[in-house]
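The values are calculated or read from the model by the stated rules, or taken from the named source; none is laboratory data. Just so it is clear, the model here is predicted, and its values are computed rather than measured. Please note: Cβ atoms are built from the backbone with ideal geometry, for glycine as well, and neighbour counts cover all protein chains shown. Just so you know, the surface numbers come from the protein's heavy atoms only, side chains and all, with ligands and any DNA or RNA stripped out. Shrake-Rupley method; radii C 1.70, N 1.55, O 1.52, S 1.80 Å.
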Amino acid sequence: MVLLHVLFEHAVGYALLALKEVEEISLLLPQVEECVLNLGKFHNIVRLVAFCPFASSQVALENANAVSEGVVHEDLRLLLETHLPSKKKKVLLGVGDPKIGAAIQEELGYTCQTGGVIAEILRGVRLHFHNLVKGLTDVSACKAQLGLGHSYSRAKVKFNVNRVDNMIIQSISLLDQLDKDINTFSMRVREWYGYHFPELVKIINDNATYCRLAQFIGNRRELNEEKLEKLEELTMDGAKAKAILDASRSSMGMDISAIDLINIESFSNRVVSLSEYRQSLHTYLRSKMSQVAPSLSALIGEAVGARLIAHAGSLTNLAKYPASTVQILGAEKALFRALKTRGNTPKYGLIFHSTFIGRAAAKNKGRISRYLANKCSIASRIDCFSEVPTSVFGEKLREQVEERLSFYETGIFPRKNLQVMKEAMVQAEEAAAEITRKLEKQEKKRLKKEKKRLAAIALASPENSTSTPEECEEISERPKKKKKQKLQEAPQENGMEEPPVSLAKPKKKKSFSKEELISTDLEETAGSGSLPKRKKSFPKEEPVSDPEEAENRSVPKKKRKFKEELLSSGPEEAASSKSSSSKKKKKLQKLSQGD
């Protein structure tokens, strides 16, 4: 009996499920399809055999890429070899993607099945997967799917910015649209301005030049010999400028009002600006094609090469096409119409716009188009898959097409393809080496600039770091100096001059707290009844030149803090505290004398 297993790929890992006895015909009935939606009934059909979770999001992305490309990843190989029966003939593995099924059958030897009953089973597994695996919730499964979807999309979108064919597709589409619009608008200007100056249409054929002349001439009656030089600049032909001047004098056009002329000139200005933008866009397309597909643009030109890429969807798709498809690319309607009516199929599509087919004789157009399509297919593959794309191969392929054209006309045999490709390989290696050398030079210059910038930042940072502590010291020193100046200026304002040595004594009195003053006074009064003896308790100090040193010697650390607080609170608070302390001392002295 053949055992049917189903492989289910999820964002959290691979799941291998075994199916009990199921009938394919009954599973496709609508009643049975409804049973798949019921979890209890679905458990009777499917049993989880093994679950292999992904270790990280990076591993999940690798496995997703492998499955999408039809490659058997090592994790998937290990799961199948471990949990599937060893007798491969008795195992039937159901998979959702036929590509991965073919790869499993080729590498591991298990018979794979897709579609039909497998699709219905996978639909049920997808619905009830979070209930089949223990510890997996619906929310976590949705988060894993969302994260893997974002990372997979980002990995697919990653590309080289300088080789983006999407820009070429948009540019050539816009260029074709601009050509149509400029042609339509120019015909409108010709018809509108032709009422006033009909002879100008026959003299000037170019649309952009006609719009510039309509903008410059305005009213034909104002055209004179002075404007002849400017006419020659616009037409770039003296004879045409003279003919315009002569025609304006004998024109049969109707007179036109000033407001009509203003509208015609503004519309002509728009058409001229559109034509100028079209030229700049064409220049941009040429530069982009030289970066993305240099060989293809060297072979058939930028415009035709860009149209081929746009019609194929991308350069990679064009490189995958065979030469026969490239030959009729753009003539699909004619091809299917010919197949339907059993008529002659088209010989060429978009490559008809190349100069080679126009130069060939009528009987050789099909032959040269087939040969040109072959060379275009080779050039597109070289541009798509070469690391350093160069125009060497495109130039050599162009030479081959030229030789083939001359062979059809004169009968001179062209060179062998092997000989031409050997020459192209040598030149391409030299060109690639030159390009890599230039890129290395640019990279070295960039690194040098980066080093200089980093060195400048590094030099600037130590200067800032050294200057900041000095500035901090200066800032911390400034208030101290100000405090000294305030202390020195205070007695001068009162009209008393005291020597600098005596500054230490009043600062001592400031530094004592209220409780300490009371306690010391009580102790001294208790020890000796007379006041003069209290003065002897203070040790005599030697005169010191610096008042700060005197403070540091005499005042303890705790008292210094109190002193700094007093100083920081400001001179007014210090003065008030000094007066309050002196009043309390006097009261204490009176009390002691009374005792």
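The residues listed here are Arg126, Arg188; of these, the one that is in the same structural domain as Leu245 (by the TED database) and either at negative phi or out of contact with any Ser or Thr (no Cβ under 7 Å at 6 or more places or on another chain) (or both) is Arg188.
Would you call Ser275 over 30 Å from Ile168 (Cβ atoms), open to solvent by less than 50 Å² (accessible area, probe 1.4 Å), assigned by the TED database to the domain that holds Phe185 and of a type in the set (Ser, Thr, Tyr)? Taking the combined requirement at face value, the residue does not satisfy it. With respect to Ile118, determine if the residue is surrounded by 13 or more Cβ atoms within 10 Å (Cβ to Cβ), of a type in the set (Val, Ile, Thr) and modelled with pLDDT of 85 or more. It is false that Ile118 is surrounded by 13 or more Cβ atoms within 10 Å (Cβ to Cβ), of a type in the set (Val, Ile, Thr) and modelled with pLDDT of 85 or more.
Let's see how each residue does on (1) under 36 Å from the mean Cα position of the chain (by Cα); (2) surrounded by 20 or more Cβ atoms within 10 Å (Cβ to Cβ); (3) modelled with pLDDT of 95 or more:
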site: Lys288; (1), (2), (3): yes, yes, no
site: Asn317; (1), (2), (3): yes, no, no
site: Tyr321; (1), (2), (3): yes, no, no
site: Leu335; (1), (2), (3): no, no, no
site: Asn344; (1), (2), (3): no, no, no
site: Tyr348; (1), (2), (3): no, yes, no
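Matching residues to (1) within 30 Å of Lys288 (Cβ to Cβ); (2) touching a residue at least 40 places away in the same chain (Cβ under 8 Å); (3) buried (at least 19 other Cβ atoms within 10 Å of the Cβ):
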{"site": "Leu76", "(1), (2), (3)": "no, yes, yes"}
{"site": "Leu84", "(1), (2), (3)": "no, yes, yes"}
{"site": "Pro98", "(1), (2), (3)": "no, no, no"}
{"site": "Glu107", "(1), (2), (3)": "no, no, no"}
{"site": "Thr111", "(1), (2), (3)": "no, no, no"}
{"site": "Gly124", "(1), (2), (3)": "no, yes, yes"}
{"site": "Leu127", "(1), (2), (3)": "no, yes, no"}
{"site": "Lys134", "(1), (2), (3)": "no, no, no"}
{"site": "Tyr152", "(1), (2), (3)": "yes, yes, no"}
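When segment 165-190 is limited to residues that are open to solvent by less than 20 Å² (accessible area, probe 1.4 Å) and closer than 19 Å to Ser380 by Cβ, the one that is farthest from the chain's Cα centre (by Cα) turns out to be Ile172.
On the given criteria, is Asp206 among the charged types (D, E, K, R) and either in contact (Cβ under 8 Å) with a residue 60 or more places away in the chain or closer than 27 Å to Asp181 by Cα (or both)? For Asp206, the condition - among the charged types (D, E, K, R) and either in contact (Cβ under 8 Å) with a residue 60 or more places away in the chain or closer than 27 Å to Asp181 by Cα (or both) - is met. Restricting segment 389-440 to residues that are touching a residue at least 12 places away in the same chain (Cβ under 8 Å), among the aliphatic types (A, V, I, L, M) and closer than 18 Å to Asn374 by Cβ leaves a set whose member that is most open to solvent (accessible area, probe 1.4 Å) is Met421. If I filter segment 362-382 for residues that are among the small types (Gly, Ala, Ser) and open to solvent by 50 Å² or more (accessible area, probe 1.4 Å), do I get at least one hit? Yes: one or more hits. Given the conditions (1) out of contact with any helix residue (DSSP H, G or I) (no Cβ under 7 Å at 6 or more places or on another chain); (2) within 19 Å of Ala11 (Cβ to Cβ); (3) open to solvent by less than 50 Å² (accessible area, probe 1.4 Å), and given that Ala60 satisfies all but one, which numbered condition is not satisfied? Just one mismatch for Ala60, condition (1).
Taken together, the residues in segment 373-399 that are among the charged types (D, E, K, R) and within 15 Å of Ala312 (Cβ to Cβ) amount to 2. Screening the candidates Leu228, Leu234 for the property of being open to solvent by 10 Å² or more (accessible area, probe 1.4 Å), without any contact (Cβ under 8 Å) to a residue 24 or more places away in the chain and over 30 Å from Ser354 (Cα atoms) yields one hit, Leu228.
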